[in-house]
1. Distance between the C-alpha centers of the stretch 125-154 and the stretch 26-89? Whole Å please.
2. Can you work out ³J(HN,Hα) from phi for every residue in the stretch 11-16, in order, using Karplus 6.51 cos²θ - 1.76 cosθ + 1.60 and θ = phi - 60°, giving whole Hz and x for Gly and Pro?
3. With a 1.4 Å probe and all protein chains in place, put 132, 14 in order of accessible area, largest first.
4. Tell me which of 84, 56, 131 sits at the most positive position along the dipole axis of the stretch 52-168, charges placed on C-beta atoms (Lys, Arg +1; Asp, Glu -1).
5. Could you give me the ³J(HN,Hα) list for the stretch 24-34, computed from phi with Karplus coefficients 6.51, -1.76, 1.60 and θ = phi - 60°, whole Hz, x at Gly and Pro?
6. Quickly rank 155-162, 109-116 as a protection proxy: mean count of other C-beta atoms within 10 Å, highest first.
7. Counting only heavy atoms of the protein chains, get the accessible area per residue of the chain (1.4 Å probe) and round it to a whole Å² value.
8. Over all directions, the average projected area of the alpha-carbon convex hull for the stretch 1-109 comes to how many nm²?
Amino acid sequence: MYLPRIVGLLAAFWGVGGATTLLGFAVARMLQQCIDATSYQLNAVHIVVLVAWTFFMAYSEGYRGFQRGYSPRVAARALYLRQHCTTLRLVLAPMFCMGFFHAPRRRRITVVVLIAVISLLVVLFRQLPQPWRGVLDFGVAVGLSWGIVATLIYFFKYIAVDDVPLNAEVEVKA
């Protein structure tokens with residue numbers, strides 16, 4: 001019957017869509033701070049930090065963190081979800097794709113620690129005055145945007161060929 005295939009496909013799209021939407025909300029909130037920072041007079045130090053931080057975040061967060069790790073894993077777990085959908089996985093598909101459950105213990109711990117560190121950075125960045133907050137938020141927004149794009153590219157690539165490369169680490173423990 002076609003119903004399980006359709007439900008699995010919906011779960012996969014919900015999982016990736018939910019995960020990328022969470023990142024998108026973060027980018028949208030940061031962009032407001034970036035726009036607010038433009039109303040201040042940026043001096044040479046601000047501009048040097050802006051450029052250096054943006055390159056650092058694009059490479060470390062965008063390329064290394066997302067493109068080489070998080071994004072292929074989320075896409076691979078979405079494809080797994082497409083083929084092995086349960087009610088729990090369907091309802092919590094974004095959390096499943098991000099590795100919060102039905103993943104090896106090490107992966108779950110990594111995800112929770114990463115969320116905690118990001119939350120701590122958000123709290124610390126909120127304490128910074130403008131234009132510094134906008135300068136730093138811009139770099140983070142670039143990295144997160146890179147992650148959104150990379151996740152969507154991997155997802156559609158995996159869906160199109162209906163296969164996941166071995167290096168994508170499909171780690172699912174029921």
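The values are calculated or read from the model by the stated rules, or taken from the named source; none is laboratory data. Keep in mind the model is a prediction, meaning the values are calculated, not measured. Cβ sites come from the backbone with ideal geometry, for glycine too, and all protein chains shown count toward neighbours. Side chains are part of the model used for accessible areas, which takes the heavy atoms of the whole protein and leaves out ligands, DNA and RNA. Shrake-Rupley method; radii C 1.70, N 1.55, O 1.52, S 1.80 Å.
1. 5
2. 4, 5, 5, 5, x, 6
3. If we order 132, 14 from most to least accessible, we get 14, 132.
4. With unit charges placed on the Cβ atoms, the residue in question is 84.
5. x, 4, 5, 4, 4, 5, 6, 4, 4, 5, 5
6. Result, highest mean first: 155-162, 109-116.
7. 59
8. Approximately 8.5 nm², given one-decimal rounding.
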